[in-house]
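Engineer: Please find one structure pasted underneath; my questions will follow.
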Amino acid sequence: MTISTTDLLAGLRWRYAVKAFDASRSIPSDTWDALEQTLVLTPSSYGLQPWKFLVIKDVALKAELRPHSWNQSQITDCSHLVVLLAKRSIDSSDLERLIEATARTRSIEAAGLEGYKAMMQRDLVEGPRSQTIGTWASNQVYISLGNLMTAAALLGVDTCPIEGFSPPDYDRILGLENSPYRSSVVCACGYRSADDKYAPLAKVRYPISELIEHR
Ligand SMILES: Cc1cc2nc3c(=O)[nH]c(=O)nc-3n(C[C@H](O)[C@H](O)[C@H](O)COP(=O)(O)O)c2cc1C
């Protein structure tokens with residue numbers, strides 16, 4: 001399956017960071033299901049999927065989060081608010097979980113994956129990267145953010161990525177403090193308001209000649 005380059009670029013140009021959502025519109029469930037699957041299908045380093053995604057539709061909960069999100073209206077006016085969570089630590093049980101899932105899914109012996117597991121152990125659990133594993137996990141989460149925004153645009157769904165929020169307050173309100181997960185970034189999804197004055201603004205992007213170098 002392919003789409004044309006024209007359609008791809010039209011979709012990417014149609015997307016912008018929505019400042020005002022139409023609070024009366026909600027994303028149909030079949031469209032939303034595809035976007036949830038987009039999150040699940042996101043690739044991650046080693047395939048470890050060090051994430052979870054909280055999908056919030058509850059009006060009262062969105063209202064509670066808004067003051068901890070620079071009071072941005074997208075939090076309450078969007079249809080589906082996604083809080084993307086990064087796993088704050090990786091230990092051998094995470095590696096075991098992946099090995100078991102791989103063996104089960106592909107009907108192979110887990111023993112044949114011992115080398116792969118040892119490589120992950122040396123790199124992420126025992127190596128220097130273990131010191132900054134929260135950052136590593138958050139990097140993976142941002143791949144899912146990009147995937148979500150692009151897929152949404154191709155389905156005609158608007159988004160606004162949001163870093164303007166307080167992760168500790170989100171973690172407290174969402175009951176994450178005693179969990180292995182931490183709020184990393186937020187994505188509001190829905191439909192743009194007809195009078196969002198940001199919608200017609202030209203995209204500010206540096207020239208392709210400055211950003212892409214061929215060697
Ligand atoms: C990770 C990330 C965090 C962002 N956080 C916010 C935010 O909190 N509020 C907001 O209105 N826009 C936010 N933006 C939107 C950017 O300002 C916007 O994507 C950028 O200016 C490019 O414009 P465009 O997305 O409309 O093309 C964020 C964008 C990214 C990628």
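Engineer: Which FRET efficiency value, to the nearest 0.05, is calculated for Ala199 and Ser166 with the Förster distance at 25 angstrom and r the Cβ-Cβ distance?
Structural biologist: Between Ala199 and Ser166 the formula returns 0.35.
Engineer: With Cβ to Cβ distances under 11 Å as the rule, what net charge do the other residues near Asp195 carry (K, R +1; D, E -1)?
Structural biologist: Value of the local net charge: +1.
Engineer: Where does the stretch 22-84 land on Rg(C-alpha)/(2.2 N^0.38 Å)? Write out the running numbers ahead of the final one.
Structural biologist: Numbers: Rg = 13.6 Å, N = 63, 2.2 N^0.38 = 10.6 Å.
Normalised Cα radius of gyration, the stretch 22-84: 1.28.
Engineer: From largest accessible area down, sort Arg129, Arg104; use a 1.4 Å probe on the protein chains.
Structural biologist: The ranking, largest first, comes out as Arg104, Arg129.
Engineer: A follow-up question, please. Could you report the accessible area of Ile3 in Å², rounded to 10, computed with a 1.4 Å probe on the protein chains as they sit in the structure?
Structural biologist: Accessible area, nearest 10 Å²: 80 Å².
Engineer: Report the gain in length on full extension from Asp91 to Trp14: 0.36 nm times residue separation, minus Cα-Cα distance, nm rounded to one decimal.
Structural biologist: Full extension of this stretch gives 23.6 nm more.
Engineer: Then there is this: Give the angle, between 0 and 90 degrees and rounded to the nearest 10, that separates the Cα long axis of helix 92-106 from the longest principal axis of the Cα atoms of the chain.
Structural biologist: Taking Cα atoms only, the helix is inclined about 80 degrees.
Engineer: Moving to a separate point now. For the chain, give me the percentage of DSSP beta bridges that are antiparallel, rounded to the nearest 5 percent.
Structural biologist: 95 percent
Engineer: Separate question: Heavy-atom accessible area per residue, the chain, 1.4 Å probe: how many Å²?
Structural biologist: 58 Å²
Engineer: Okay, next question. List the aspartates and glutamates whose Cα sits under 18 Å from the Cα of Lys197, skipping any in the same chain fewer than 8 residues away.
Structural biologist: List returned: Asp22, Asp77, Asp158.
Engineer: Okay, next question. Could you give the spread of the C-alpha atoms of the chain along their three principal axes, from largest to smallest, in whole angstroms?
Structural biologist: 58, 47, 36
Engineer: Roll a 1.4 Å probe over the protein heavy atoms and report the accessible area of Ile27 in Å², nearest 10.
Structural biologist: That residue has around 10 Å² of solvent-accessible surface.
Engineer: Does the stretch 1-48 come out rounded, prolate or oblate by the C-alpha gyration tensor, with a ≥ b ≥ c the root eigenvalues, rounded set by a/c under 1.5 and, if not, prolate when a/b is larger than b/c and oblate if not?
Structural biologist: Oblate, since a/c reaches 1.5 and b/c is not below a/b.
Engineer: Quantify how much of the Cα-Cα distance distribution of the stretch 157-198 extends past 15 Å, in percent.
Structural biologist: Summing the P(r) of the stretch 157-198 above 15 Å gives 54 percent of all pairs.
The values are calculated or read from the model by the stated rules, or taken from the named source; none is laboratory data. For clarity, every value in this text was computed on a predicted model and none was experimentally measured. Glycine gets a Cβ as well: all are built from the backbone with ideal geometry, and neighbour counts include every protein chain shown. Side chains are part of the model used for accessible areas, which takes the heavy atoms of the whole protein and leaves out ligands, DNA and RNA. Shrake-Rupley method; radii C 1.70, N 1.55, O 1.52, S 1.80 Å.
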